[in-house]
Each structure stands twice: as structure tokens, then as C-alpha cells.
1. Identify, please: which residue in the range B:1-15 is more than 7 Å from chain A (Cβ to nearest Cβ) and under 14 Å from A:Leu101 (Cα atoms) and is, among those, nearest to the chain's Cα centre (by Cα)?
2. When you check A:Leu76 against the structure, is it of a type in the set (A, V, I, L, M, F, W, C) and touching a residue at least 40 places away in the same chain (Cβ under 8 Å), yes or no?
3. Out of curiosity, is A:Leu116 of a type outside the set (Gly, Ala, Ser) and either more than 19 Å from B:Leu14 (Cβ to Cβ) or in contact (Cβ under 8 Å) with a residue 24 or more places away in the chain (or both)?
4. For the range A:181-196, enumerate the residues that are over 17 Å from A:Ala169 (Cα atoms) and small (Gly, Ala, Ser).
5. Of the residues that sit in the range A:59-71 and are touching a helix residue (DSSP H, G or I) at 6+ places or on another chain (Cβ under 6 Å) and without any contact (Cβ under 8 Å) to a residue 24 or more places away in the chain, which one is farthest from the other protein chains (Cβ to nearest Cβ)?
6. Which residue, of A:Leu101, A:Leu110, A:Leu96, A:Leu28, is of a type outside the set (D, E, K, R), buried (at least 22 other Cβ atoms within 10 Å of the Cβ) and part of a helix (DSSP H, G or I)?
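The values are calculated or read from the model by the stated rules, or taken from the named source; none is laboratory data. The structure presented is a predicted model; accordingly, all values stated were derived computationally and were not measured. Positions of Cβ are backbone-derived with ideal geometry, glycine not excepted, and every protein chain shown enters the neighbour counts.
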Amino acid sequence: MEVPMKAGFLAAWPLVLGYFPVAVAFGLLGREADLSPWEIQMVSLLVFAGASQFALVGLVAQGTPPLLAAGLGLLLNLRHAFYGPALRPYLRGGPLEAFLLTDEVFALALKTLPHLPEEERRAHFLGLGLGAYLSWNLGTLLGSLGAEGLKGLSQAFGFALPALFFLLALPHLRNRVALLAGGVALVLHLLGQTALGLVLAGALGLLGRRP
Amino acid sequence: MTLAVLFLALGTFLIRFLPWRKPGRLHLGQAGPALVVALFLASAFGPPPSWAWLKTLAALGATYLAERLLRNLGLAVLVGMVLYALF
């Protein structure tokens, strides 16, 4: 493994802490929805987008036609359209980078990439993404194999992602546009419209000038 | 189910890939910071508003102090998690 990729992989560990228990919960949900371990794993291997995976499996379990459930999952993922362009000043995205571009990888990359030499950025990003991907899929595997004992982890580790996002958001908490967008997202989140709120936050961010 | 998974996977990939790949004239302004702050707020404060938010705020404060003291993102997250579990 290249040195910058290894550094990115190691830098992903706060994210790994947050992903793993959520992925276990996803695997368990898949079993409750009567999917086979292979079907559950296929979702995590191919989609790699937590909220939409939960939506797909949860809706199918409730009797929603799978293609309709997948369409709703796609709507949840519309916010991802903002991530690549926001990273473009630091990294040109190829297919592999795009596949690994989750919420958390984006937020961590936005913090780290600007401080790295240009030639190291791609490998660092891929290391970050690989750490996240392995954690997500290992957690899914354990959950899908019925690791009930790991259910407790979901609660104990539930604070990992909020803590990580908080530290990544800290430099932006004096940014009025970011605060306004965050406030709108929070209100919609509390009204049960989280995905719409995040898309609107991205759209509001477009109105701000680059510093 | 397989077709639905493939549809979701391909659609998600294209949503991530095409806007990143295509060099456009779109100026993103503050979209990056706006999204990071939005992701933080949405992940930390679940509905409905409750006393649990105070526990979250206390743990966030501890996470902040840990980051200031340790200057390490991962360790600060770990400290925050442990304290959150203890609160």
C-alpha cells in the first residue's frame, strides 16, 4: 500500500468506529426482512450508502415493491451530488473515488485534502474510502450472520458519527451561510425530512461566496 | 430484489460521479461547509427534542475539549464516545 494511501486508511479510524455498529444494525435488519446473508451483503458491496440501504430493505420488508423502494432510496442520495463538486478544487473524481464518496468520507476529505500535496491526495482519499468500505461491509457481514450480541454496540457507539461530524464542522461554525443551511436542515430533520433538508442545505450553500 | 439493488447502486454511483466528473461553471460557494454543518446537526439531534439533547451537548463539549487537548481527531471521538456512554 502506498504511504499516502496507508495514511488515509489509518486516518479513517474515527469513521470506522461510527460505521461498524450501524452496519451491524443493517445486517440484522436484513435478516429480520428475511433476506439471505448474500442478498444483504450484495446491497452493502454494491450500494455503499447507509441511509438508502436502510430505506430499501426497510420498505421492502413492509411490502413496498423493490424498484419503488430503490427509487426512494435514490432520492435520499441526491445530496451526494454536491459532494464531488465541493471536492473538485482538491481532487478530480474518477469512478473509484465516486463509488467511495459517502457523507462521512466527504466530510473527512474536505478537512484533510486541502492540507496535502496535490500528488498525495488521490491515494489518501482512496485510503479513507477503503477503510470506510471495509468497515461497512465487515459490519454488514457480522450483522447478517446474526451477531445479536453486537446489537449493544449500536447504542454504545451511536455517538461516534455525531462526534466526528462535530469536529469536522467546528471550523465552519462561524460561517453564517453554513449555519443558516444547517439550521434549515435541522428543522427539516426534526420534521422527518432529513434527506430534503440536506439537499436544501447544499442548495443554500451555493448562494454563499467562496472565502 | 437483485434488480432493485442494481438500480439503486447504479443510480447512487451516477449521482456521485457525474457532477464530480463534469467540469462545469457552477460555483459551489459555501456548499461544502453548509453540508458538513447540516450533517453534524442532523446526526447529533434526533427528533423529537428531548432531555437527551443535553447529554449530547455535554458529550460534544467533552469531545471539543479532548480535541483541544489531544490534537487528534480519532482520540477525541473515542473520548466523546466513552463519556457519552457514561453520562
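1. This residue is B:Leu14.
2. Values: of a type in the set (A, V, I, L, M, F, W, C): yes; touching a residue at least 40 places away in the same chain (Cβ under 8 Å): yes.
Against the criterion (of a type in the set (A, V, I, L, M, F, W, C) and touching a residue at least 40 places away in the same chain (Cβ under 8 Å)), A:Leu76 qualifies.
3. On the way: of a type outside the set (Gly, Ala, Ser): yes; either more than 19 Å from B:Leu14 (Cβ to Cβ) or in contact (Cβ under 8 Å) with a residue 24 or more places away in the chain (or both): yes.
Taking the combined requirement at face value, the residue satisfies it.
4. Keep residues of the range A:181-196 that are over 17 Å from A:Ala169 (Cα atoms), which gives A:187-196.
Within the range A:181-196, A:Gly192, A:Ala195 qualify.
5. Let us first name the residues in the range A:59-71 that are touching a helix residue (DSSP H, G or I) at 6+ places or on another chain (Cβ under 6 Å), namely A:59-60, A:66-67, A:69-70.
Now restrict to residues that are without any contact (Cβ under 8 Å) to a residue 24 or more places away in the chain: A:59, A:66-67, A:69-70.
Working: A:Leu59: 10, A:Pro66: 3, A:Leu67: 5, A:Ala69: 6, A:Ala70: 4 Å.
Only one residue tops the list, namely A:Leu59.
6. Working: A:Leu101 fails: part of a helix (DSSP H, G or I); A:Leu110 fails: buried (at least 22 other Cβ atoms within 10 Å of the Cβ); A:Leu96 fails: buried (at least 22 other Cβ atoms within 10 Å of the Cβ).
After ruling out the rest, the residue left standing is A:Leu28.
Yes/no matrix, rows are residues, columns are (1) assigned to a helix (DSSP H, G or I); (2) of a type in the set (Ser, Thr, Tyr); (3) modelled with pLDDT under 85; (4) closer than 23 Å to A:Ala195 by Cα:
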{"residue": "B:Gly29", "(1), (2), (3), (4)": "no, no, yes, yes"}
{"residue": "B:Gly32", "(1), (2), (3), (4)": "yes, no, yes, yes"}
{"residue": "B:Leu35", "(1), (2), (3), (4)": "yes, no, yes, yes"}
{"residue": "B:Leu41", "(1), (2), (3), (4)": "yes, no, no, yes"}
{"residue": "B:Pro48", "(1), (2), (3), (4)": "no, no, no, yes"}
{"residue": "B:Trp53", "(1), (2), (3), (4)": "yes, no, no, yes"}
{"residue": "B:Ala58", "(1), (2), (3), (4)": "yes, no, no, no"}
{"residue": "B:Gly61", "(1), (2), (3), (4)": "yes, no, no, no"}
{"residue": "B:Glu67", "(1), (2), (3), (4)": "yes, no, no, no"}
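So that you can scan it fast, the table gives a plain yes or no per residue for (1) out of contact with any Lys or Arg (no Cβ under 7 Å at 6 or more places or on another chain); (2) closer than 19 Å to A:Thr194 by Cα:
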site: A:Ala25; (1), (2): yes, no
site: A:Phe54; (1), (2): yes, yes
site: A:Val57; (1), (2): yes, yes
site: A:Ala69; (1), (2): yes, yes
site: A:Ala98; (1), (2): no, no
site: A:Glu104; (1), (2): yes, yes
